[in-house]
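The values are calculated or read from the model by the stated rules, or taken from the named source; none is laboratory data. Every value quoted in this text rests on a predicted model; they were computed, and no experiment measured them. Every residue, glycine as well, gets a Cβ built from its backbone with ideal geometry; the counts of neighbours run over all protein chains shown.
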Amino acid sequence: MRILITGGAGFIGSHMTDRLMSEGHQVVAMDNLVTGGIANIEHHRSNPNFEFIHHDVSNHIHVQGRLDWVLNFASPASPIDYLQLPIQTLKVGALGTHNALGLAKAKGANFLLTSTSEVYGDPLVHPQHEDYWGNVNPIGPRGVYDEAKRYAEALSMAYHRTHGIDVRIVRIFNTYGPRNRVNDGRVVPTFINQALRNEPLTVFGEGNQTRSFQYVDDLIDGIRRLMDVPFNKPVNIGNPNEMTILQFAELIIRLTGSSSPIEFRPLPEDDPKTRKPDITRAKSVLGWEPRVPVQEGLEKTIDWYRRVQAHDRGNS
Ligand code: UDP
């Protein structure tokens with residue numbers, strides 16, 4: 001197949017690129033490199049099945065030749081990033097998704113939207129199943145991401161219903177793994193890199209908010225399966241292994257063997273109090289469930305950040 005991945009140089013987009021390249025498909029990765037990085041896809045640059053286009057998908061997208069799939073992965077995805085890039089985040093979710101859907105329609109391609117557990121906002125239902133409509137503050141600091149993704153879901157379904165585009169919608173829960181930027185601001189890279197430097201781990205609030213973390217390979221496997229199943233409604237992909245942020249900080253200190261203390265910082269506005277995916281639908285529709293235990297995934301990720309820190313020290 002010939003597949004366009006918007007956000008193809010990002011954390012998750014580049015892992016999806018790896019997976020599809022390893023299956024022998026042709027991949028066109030498109031990225032404006034605002035939060036993605038060329039280093040994530042450098043290893044494909046000389047492969048004739050691979051093409052990189054430096055482009056911001058919020059502007060009209062032009063791709064020559066046939067396309068079988070448009071995979072829409074482009075967006076800032078860390079709360080710190082979308083606080084710094086609020087308008088770009090709204091534009092890529094709205095205009096970028098519109099352009100990607102228009103391209104899929106013009107090419108007769110299928111379309112996959114990477115949506116997010118943030119569509120559930122600060123959820124009042126626990127765990128979150130796909131039929132829950134969410135509790136989002138539209139004008140809060142996270143609203144730029146949450147509402148853009150909610151709009152992107154609405155637009156995808158409108159293209160499905162109106163134009164018959166074969167759409168897939170994956171709602172991604174907290175995901176970690178290699179290539180998630182050191183300074184991305186999300187809790188996994190932040191805590192691991194603080195722990196590796198024996199600096200204080202910055203727990204927001206009292207750390208009793210919960211999250212459920214999945215390793216990136218599990219996510220990619222779930223998305224790949226969804227491409228093969230003609231199912232057009234949203235599917236949660238996440239690991240239901242829920243813990244508090246304080247427990248997570250203690251786990252990272254233990255796994256890194258760090259001497260870091262824990263420091264408490266103010267809780268950001270609208271920070272969801274709980275988050276845990278109900279994956280009943282993914283199990284029944286895709287035959288999918290996460291396979292990588294959190295300790296194993298974190299150990300691989302810690303190794304990767306150790307190498308990044310060693311490399312950075314070598315260059316400084
Ligand atoms: N968090 C934290 N310390 C940090 C970064 C994040 O305690 O240095 C908390 C944050 O308040 C949230 C959770 O960890 O409750 C997960 O945050 P992240 O930014 O990874 O993404 P979110 O799940 O909120 O989208």
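Values computed for the structure shown
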| item | result |
| --- | --- |
| Count of residues meeting criterion [more than 7 Å from the ligand (Cβ to nearest atom), touching a helix residue (DSSP H, G or I) at 6+ places or on another chain (Cβ under 8 Å) and not hydrophobic (A, V, I, L, M, F, W, C)] in the range 200-213 | 4 |
| Residue ID - nearest to the ligand (Cβ to nearest atom), chosen from residues in the range 258-301 that are among the hydroxyl-bearing types (Ser, Thr, Tyr) and over 26 Å from Glu199 (Cα atoms) | Thr274 |
| Residue in the range 46-55 that is at pLDDT 95 or above, touching a helix residue (DSSP H, G or I) at 6+ places or on another chain (Cβ under 6 Å) and surrounded by fewer than 24 Cβ atoms within 10 Å (Cβ to Cβ) present | yes |
| Check on Tyr176, more than 9 Å from the ligand (Cβ to nearest atom) and under 12 Å from the mean Cα position of the chain (by Cα) | no |
| Some residue of the range 302-309 being more than 16 Å from the ligand (Cβ to nearest atom), out of contact with any His (no Cβ under 7 Å at 6 or more places or on another chain), farther than 18 Å from Ile245 by Cβ and not in a helix (DSSP H, G or I) | no |
| Filtered residue count, the range 294-303, keeping only those that are farther than 20 Å from Thr210 by Cβ and surrounded by 15 or more Cβ atoms within 10 Å (Cβ to Cβ) | 2 |
| Lone unmet requirement of (1) under 18 Å from Ser78 (Cα atoms); (2) touching a residue at least 12 places away in the same chain (Cβ under 8 Å) for Asn183 | (2) |
| Tally of residues being under 19 Å from Thr116 (Cβ atoms) and assigned to a loop (DSSP other than H, G, I, E, B) across the range 256-287 | 11 |
| Answer residue from the range 269-293, given it is touching a residue at least 24 places away in the same chain (Cβ under 8 Å) and over 20 Å from the mean Cα position of the chain (by Cα) and is surrounded by the most Cβ atoms within 10 Å (Cβ to Cβ) among those | Val285 |
| Identity of the residue in the range 62-108, under 21 Å from His15 (Cα atoms) and among the aromatic types (Phe, Trp, Tyr), that ends up surrounded by the most Cβ atoms within 10 Å (Cβ to Cβ) | Phe73 |
| Selected residue (criterion: nearest to Ala29 (Cα to Cα)) from residues of the range 45-83 that are within 16 Å of the ligand (Cβ to nearest atom) and touching a Ser or Thr at 6+ places or on another chain (Cβ under 7 Å) | Ser75 |
| Residue in the range 123-145 that is under 30 Å from Pro261 (Cα atoms), outside any helix (DSSP H, G or I) and in contact with a helix residue (DSSP H, G or I) (Cβ under 6 Å, 6 or more places away or on another chain) present | yes |
| Complete set of residues in the range 68-80 that are of a type outside the set (A, V, I, L, M, F, W, C) and at pLDDT 95 or above | Asp68, Asn72, Ser75, Pro76, Ser78 |
| Some residue of the range 13-20 being modelled with pLDDT under 95 and surrounded by fewer than 24 Cβ atoms within 10 Å (Cβ to Cβ) | no |
| Test for Ile169: is it free of Cβ contacts under 8 Å to residues at least 24 places away in the same chain and either within 18 Å of the chain's Cα centre (by Cα) or away from the ligand (no atom under 16 Å from the Cβ) (or both) | no |
| Tally of residues being touching a strand residue (DSSP E or B) at 6+ places or on another chain (Cβ under 8 Å) and more than 23 Å from Pro230 (Cβ to Cβ) across the range 110-141 | 12 |
| Residues of the range 276-303 satisfying the condition of being among the aliphatic types (A, V, I, L, M) and out of contact with any helix residue (DSSP H, G or I) (no Cβ under 7 Å at 6 or more places or on another chain) | Ile279, Val285, Val294 |
